[in-house]
Ligand SMILES: NC(=O)c1ccc[n+]([C@@H]2O[C@H](COP(=O)([O-])OP(=O)(O)OC[C@H]3O[C@@H](n4cnc5c(N)ncnc54)[C@H](OP(=O)(O)O)[C@@H]3O)[C@@H](O)[C@H]2O)c1
């Protein structure tokens, strides 16, 4: 893809920031970089990047400013220290955080007459700039339209809307799902090992079963959105009994059921509230945020 080589700034040269800067350099963009520990800029400078002495100096170098810092607090701290340079810039913040963090930084950017895009990266540093990388954006539609070609160098970009918190909202939810699945996977391997089955023996069958189970998530999603949990199939009472059996088996094997017990407690709550005939998806009613 050929792009006009506008100047680009990358703030934060950790694993992600270095990969971002390398991608822009590879595609011919004059790239200014800043990192709290200057040594991390050296390899990029050897490849043509311009080092900035301060974050403000880096931000002053061009309109498009990508931020990849450890966490929202670090991003706020660094940007606040460079506030005088922010006006007229497009901040693309790829630092992981929650929707509230993104909205607060978007408001701060607006107060300083800058445009804000939040980006949630689905890649590892090695895949940035390849077809295996994707980034969800939300925030300024104008900024996304203006810079989508350049941002497209990093990976497939999807714009999710003008609420700056929306990309993070998806992101933290998706990652919560991922960690839940990892917790289940790790518990499964511990139980399998206790039964004399190695993790590598178990995993292909587990993956096959999980893969076959995935379509049920779309059915559950419709039930959750419609608030209609009626089912003729696997209801909460049946799942309560099934999960109790698995927890007992786990404990009998000496594997503490610490990843399973919270799920059982949620099912128990719904059954106790009289919803035993409802679908498993009704558990979400025990997880609703307070109004
Ligand atoms: N790596 C990935 O695959 C990946 C994928 C998706 C999203 N992300 C997100 O991208 C962000 C960066 O990830 P990373 O992998 O690049 O992390 P990393 O390698 O740990 O780098 C962290 C960066 O933050 C800087 N930093 C930390 N605290 C700071 C502070 N108080 N003031 C100034 N700079 C500070 C560090 O500077 P020093 O070098 O001076 O310590 C370094 O540049 C994270 O929010 C991460 O969740 C990463």
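The values are calculated or read from the model by the stated rules, or taken from the named source; none is laboratory data. The structure displayed is predicted, hence computed values, not measured ones. Because the Cβ atoms are built from the backbone with ideal geometry, glycine has one as well, and the counts that use them run over all protein chains shown.
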Quiz item: Pairs, please: C-beta under 7 Å, at least 6 apart or cross-chain, first residue over 13 Å from residue 123 (Cβ atoms) and in segment 14-25, second in a loop (DSSP other than H, G, I, E, B) and more than 6 Å from the ligand (Cβ to nearest atom)?
Solution: 21/49; 24/153; 25/47; 25/48; 25/49
Practice problem: Would you mind telling me which numbered condition in (1) assigned by TED's automatic domain parsing to the domain that holds residue 71; (2) exposed (fewer than 14 other Cβ atoms within 10 Å of the Cβ); (3) more than 17 Å from the chain's Cα centre (by Cα) residue 132 fails? | Solution: (3)
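Per-residue answers, yes or no, for (1) buried (at least 22 other Cβ atoms within 10 Å of the Cβ); (2) part of a helix (DSSP H, G or I); (3) near the ligand (Cβ under 9 Å from one of its atoms):
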| residue | (1), (2), (3) |
| --- | --- |
| 28 | no, no, no |
| 43 | no, yes, no |
| 104 | no, yes, no |
| 117 | yes, no, no |
| 126 | no, yes, yes |
Exercise. Name every residue in segment 135-152 that is on the phi < 0 side of the Ramachandran plot, more than 12 Å from the chain's Cα centre (by Cα) and surrounded by 20 or more Cβ atoms within 10 Å (Cβ to Cβ), in order of residue number.
Key: 138, 140, 143, 144, 147, 150, 151
Practice problem: Tell me which residues, restricted to segment 1-13, are surrounded by 17 or more Cβ atoms within 10 Å (Cβ to Cβ) and out of contact with any helix residue (DSSP H, G or I) (no Cβ under 7 Å at 6 or more places or on another chain). | Solution: 12
Quiz prompt | Selected residue (criterion: farthest from residue 114 (Cα to Cα)) from residues of segment 62-94 that are near the ligand (Cβ under 8 Å from one of its atoms), assigned to a loop (DSSP other than H, G, I, E, B) and in contact (Cβ under 8 Å) with a residue 40 or more places away in the chain | solution = 70
Self-check item: Members of segment 243-291 found to be at pLDDT below 95 and under 16 Å from residue 186 (Cβ atoms), listed by number
Solution: none
